[in-house]
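Chemist: Handing you a structure now.
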Amino acid sequence: MSGGIGHSSEHLHAAVRAHPAYGDVPVDGRSEAAVLAEILHRHLGVPTEAVTTEEESTNCGENGAFSVRHLRRWPDVRSVVVVQDPTMQRRTHAVFERALAHGPEVTLTSFAPFVPHVGTDAVGDETGTSVWTLDRFTSLALGEVRRLRDDEDGYGPRGAGFIEHVDIPDDVLAGYERLRAEHPDAVRPTWRG
C-alpha cells in the first residue's frame, strides 16, 4: 500500500468514517497506506505480514517513485499490479512506468477496482453505491486530463516531468474542453506552488 498524508487524504478519511463496514478503522492522523492496510487486514482477511506500506509519499508521483524504491528491496519482483482510484488510474500507470524504467524489467499491469457509473445525482460503482458527488467527479475528471497533458500545466515532460508523454485521444480532449467550459471553476491549479 502506498500513500502518506496528502491533499486527498481528507477524502479517504471521510469515506472510511462514513463506510458502513469500514467505519471502525481509525483514520485521524494516519497515512492513506496505513488506513488501507488496516482495512485489508481487519475486514478482508489479508494477513498483516502480506502487506507492506510506503507512508512517505504525498502525491501520485511520489507514490510511484517511493513504492518502486520500496519494491527494489526484493530483487526478484518481476511484476507489479497497480490498483488505484479509477479517475487516477492512467496517470498512476504512467508514474509507475517512469519509476520502473530504470532497473530490472518488470511487467506493469493496471487494475481499476470499478468503472464509475454517472447518474443524475451522483457517480457510483456497478452496485449502485454512491462514490462521488457529480461536482467532485467533475473536478477529478477535469483535473486528471489536465495532469495527463504534456504542456506547461501538465505532468508530462514539457510540464512538471512527473510522467512520460501520454497520448490523449482527440475525443477525450474534446470532451474535456466541453466539460471545462460548462464547469470553469471545477479545475484547480495542479503542480505549481
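No lab work stands behind these numbers, since they all come straight from the coordinates. All of these numbers come straight from a predicted model, not from anything done at the bench. Note: ideal-geometry Cβ built from the backbone for every residue, glycine included; neighbour counts use all protein chains shown.
Chemist: How many nm separate the modelled label positions at residue 126 and residue 7, each set 7 Å beyond the Cα in the direction of the Cβ?
Modeler: Output for this residue pair reads 3.2 nm.
Chemist: Please state the shape class of region 92-177: rounded when a/c is under 1.5, otherwise prolate if a/b exceeds b/c and oblate if not, all from the C-alpha gyration tensor.
Modeler: Oblate.
Chemist: Would you mind giving the average projected area, over all directions, of the Cα convex hull of region 1-58 in nm² with one decimal?
Modeler: Reported value for the Cα convex hull: 3.5 nm².
Chemist: Subtracting the Cα-Cα distance from 0.36 nm times the residue separation, let me have the gained length for residue 117 to residue 72 in nm, one decimal.
Modeler: Taking 0.36 nm per residue and subtracting the Cα distance, the gain is 12.5 nm.
Chemist: Then there is this: What's the longest uninterrupted piece of the chain once you rule out the GluC sites (Glu not before Pro) that are loop residues per DSSP with at most 14 other Cβ within 10 Å?
Modeler: Counting only loop sites that pass the neighbour cut-off, the longest clear stretch is 1-104.
Chemist: Under 19 Å from a point placed 7 Å out from the Cα of residue 18 along the Cα-to-Cβ direction: which residues of region 106-133 have their backbone N that close?
Modeler: 114-133
Chemist: Averaging sequence separations of C-alpha pairs under 8 Å and six or more residues apart, then dividing by the length of the chain, give the relative contact order as a whole percent.
Modeler: Normalised by residue count, the contact order of the chain is 14 percent.
Chemist: Follow-up question, since we're still on this one. Excluding the sites themselves, what is the longest stretch of the chain that contains no trypsin sites (Lys or Arg not before Pro) in a DSSP loop with at most 14 other C-beta atoms within 10 Å?
Modeler: In the chain, the maximal stretch lacking such sites is 79-157.
Chemist: Can you list the equivalent-ellipsoid semi-axes of the chain, largest first and in whole Å, using the square root of 5 times each Cα gyration tensor eigenvalue?
Modeler: That gives 26, 24, 15 Å for the three semi-axes.
Chemist: Moving on. Could you work out the helix-only [θ] at 222 nm for the chain, with each DSSP H run of four or more residues adding -39,500 (n - 2.57) and the total divided by the number of residues, to the nearest 500 deg cm²/dmol?
Modeler: Using -39500 (n - 2.57) per qualifying helix, the result is -12000 deg cm²/dmol.
Chemist: To continue, here is another question. List the residues, sorted by chain then number, that are 5 or more residues from residue 155 or on another chain and whose placed amide H is less than 5 Å from its amide H.
Modeler: 148, 149, 160
Chemist: Cβ under 13 Å from residue 137's Cβ, residue 137 left aside: what net charge do those residues give with Lys, Arg +1 and Asp, Glu -1?
Modeler: In short, -4.
Chemist: Loop-only chymotrypsin sites (Phe, Trp or Tyr not before Pro) in region 86-155, please: DSSP not H, G, I, E or B, and at most 13 other Cβ atoms within 10 Å.
Modeler: 114
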